[in-house]
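A.B. asks: Let me give you the structure first, and then I'll get to my questions.
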Amino acid sequence: MPVDLVLKNAKICLLDRIVEAGLAINDGRIVKVSKEVNLPPACENLNLKGNLVLPGVIDAHVHLRDQDLSYKEDFFTGTCAAASGGVTTVLDMPNNMPVTMSSESLLKRMEIAAKNSIVNVAFYSAFPKRLEEMREIVESGAKGFKFFFSRQIGGVSPEDEESLRIFFREAAKLSVPVLIHAEDKTFLDSKMEELKKNGRCNISAFSEAHSVESETKAIGRAVEMSHASGAHVHICHVSAGQSVNVVSSAKRRGIHVTCEVTPHHLLLSQYEMKHQGFIALTNPPLRSETDQEALWLALKSDVIDIISSDHAPHALHEKMKESVWDVSTGFPGLETMVPLMLTQVNNGRLSLLSMVRLMSKRPSEIFRIRGRGCLREGYYADLTVVNFKREWKIDSSKFYSKAKFSPFNGKIVKGKVIKTFVNGQLVMDEGEIIGKPGTGEIIR
């Protein structure tokens, strides 16, 4: 019996090397990786013309919006953006409207996503109001709990130390991570009040409030909660050298902590924020060039575990405000993450195998996304096919995301995603979305 599809004439990125080979797919899974002569007959053959096949990229930090925030993004546009950018699996954050913080709200989002998604989608939840709901949420499929130390999102206040310790212990029992937005609420509120009282409403005031000190203080608190409870904590979007020092120290102590970095914190600094204005405003804010270098060093020394986009789409009018305190922070990242990092590989700043480990293998391990994250027989055929040497210009007006702006707009990059396969199905081909809604699976 012939298999469904054979991809020929490719460079296949395995865990430890790149080989010239082909790949056979049947029923959505990889059934063989070998030289062309050893591949089985197929219903369809596709010549990849010597281009590079990477394991499908897994983006562990994505805001897909939808529901009451669908004017910013919805599951269809967000997952089209993912497919366009070579991302085959996304993990959706819970700070939505309504907030994902119960099995009911989680299952509702899953139901909407199942009908509309082009790529695979997994979900996080915020902490519920009642401790006993946590197990039900995990059994419904949540991959972890997201907690904001800066403000209450979900059922537990960041100022309720006793409840937090109980909820962290429960997460440890359930063997799921607690993802941390690391900003100290007391510091942040006090500083913002002071700055507003003094009439400060520009970008520098925002950076002063959302400071490195606030971030490191919150990371330290999360680390100690992990130590006390046994919970795995994952620090989102680390942005500064001092922050990675705290994480590195915790890892040396044997505390179960992982962390991520975004392309924008690796590649942009306060300089771009000053010159691009509120378009480049994100939280945590862009830091100094010294912090950038520290992040790169931490990436190369394996202190940082994964690269994620923190795709945060907004309506353009939400970025165009008089006061920085009224601006919605963040920008889309699903369509720029892979080409930006391929450019760094081309520039010799990162090896290709390291990029694959940071953007496919480690996310699959940390968040227990089984059967994905590497090209191996028996695994799902989630594939990111790239022309490694193609140079092109990022044009945010052509994004599939509803948010058609980016601080990377106009940047020349080297390395382009030319095809994206999800569960063995070609969903994006040379910039055109050809997958149908529902192609992506809901990963529980």
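FYI, it's all coordinate maths here, none of it is from the lab. Just so we're clear, the structure is a prediction, and the values are computed from it rather than from any experiment. Note that we place each Cβ from the backbone using ideal geometry, even for glycine, and neighbour counts take in every protein chain shown.
A.B. asks: Do any GluC sites (Glu not before Pro) in segment 343-444 lie in a loop, going by DSSP, with at most 16 other beta-carbon atoms within 10 Å of their beta carbon, and if so which? Each step should come with its number before you reach the end.
C.D. replies: On the way: sites: GLU365, GLU377, GLU391, GLU430, GLU432, GLU441; in loops: GLU377, GLU430, GLU441.
Taking segment 343-444 and a limit of 16 other Cβ atoms within 10 Å, the loop GluC sites (Glu not before Pro) found are GLU377, GLU430.
A.B. asks: By a straight-distance test (C-alpha under 16 Å), which aspartates and glutamates pair with LYS319 as possible cross-link partners, with residues fewer than eight away in the same chain excluded?
C.D. replies: Within the straight-line cut-off, LYS319 pairs with GLU73, GLU272.
A.B. asks: Could you please rank ARG349, ARG252, placing first whichever residue has the fewest other Cβ atoms within 10 Å of its Cβ?
C.D. replies: Least to most surrounded, the residues fall as ARG252, ARG349.
A.B. asks: Fewest first, what order do TYR400, TYR71 take by the number of other Cβ atoms within 10 Å? Numbers along the way, then the final one.
C.D. replies: Values: TYR400 22, TYR71 13.
With the fewest neighbours first, TYR400, TYR71 line up as TYR71, TYR400.
A.B. asks: Less than 18 Å from a label point 7 Å out along the Cα-to-Cβ axis of ASN347: which backbone N atoms in segment 251-277 qualify, by residue?
C.D. replies: Output list for this probe position: 261-276.
A.B. asks: Select one label from (i) 71, 46, 43; (ii) 84, 75, 42; (iii) 70, 49, 43: the one whose number is Cα extents along the principal axes in Å as derived from the coordinates shown.
C.D. replies: (iii)
A.B. asks: Let me ask another. So which of LYS35/LYS389; LYS146/LYS389; LYS173/LYS217; LYS8/LYS414 end up more than 28 Å apart by C-alpha?
C.D. replies: Too far apart for the 28 Å limit: LYS146/LYS389.
A.B. asks: Which residues in segment 206-233 have a backbone N closer than 17 Å to a point placed 7 Å from the Cα of GLU193 along the Cα-to-Cβ line?
C.D. replies: 209-210
A.B. asks: Extension gain ASN245-ILE18, at 0.36 nm per residue separation less the Cα-Cα distance, in nm?
C.D. replies: 78.4 nm is the gain from fully extending ASN245 to ILE18.
A.B. asks: Determine which aspartates and glutamates satisfy two conditions relative to LYS300: a Cα distance under 20 Å, and not lying fewer than 8 residues away in the same chain.
C.D. replies: In chain and number order, the partners are ASP16, ASP59, GLU260, GLU289, ASP291, GLU365.
A.B. asks: Okay, moving on. Using 0.36 nm times the number of residues separating GLU104 and ARG253, minus their current alpha carbon distance, what extension gain do you get?
C.D. replies: 49.8 nm
A.B. asks: Just the number, please: percent antiparallel of the DSSP beta bridges in the chain, rounded to the nearest 5.
C.D. replies: Details: 32 of 63 bridges.
If we restrict to bridges inside the chain, about 50 percent are antiparallel.
A.B. asks: Sticking with this one: Please report PHE206, PHE147 as a ranked list, fewest other C-beta atoms within 10 angstrom at the top and most at the bottom.
C.D. replies: By the 10 Å Cβ count, ascending: PHE206, PHE147.
A.B. asks: Could you list, in their original order, any pairs among LYS115/LYS419; LYS49/LYS143; LYS72/LYS411 whose Cα atoms are separated by more than 27 Å?
C.D. replies: From LYS115/LYS419; LYS49/LYS143; LYS72/LYS411, over 27 Å: LYS49/LYS143.
A.B. asks: Just from its helices, what would the mean residue ellipticity at 222 nm be for the chain, if runs of 4 or more DSSP H residues each count -39500 (n - 2.57) and the sum is divided by every residue, rounded to the nearest 500 deg cm²/dmol? Write out the running numbers ahead of the final one.
C.D. replies: On the way: 14 runs with 139 residues, N = 444.
The helix contribution divided over the chain gives -9000 deg cm²/dmol.
A.B. asks: Next question, about the same structure. Which aspartates and glutamates have a Cα lying under 15 Å from the Cα of LYS11, excluding residues fewer than 8 positions away in the same chain?
C.D. replies: GLU20, GLU36
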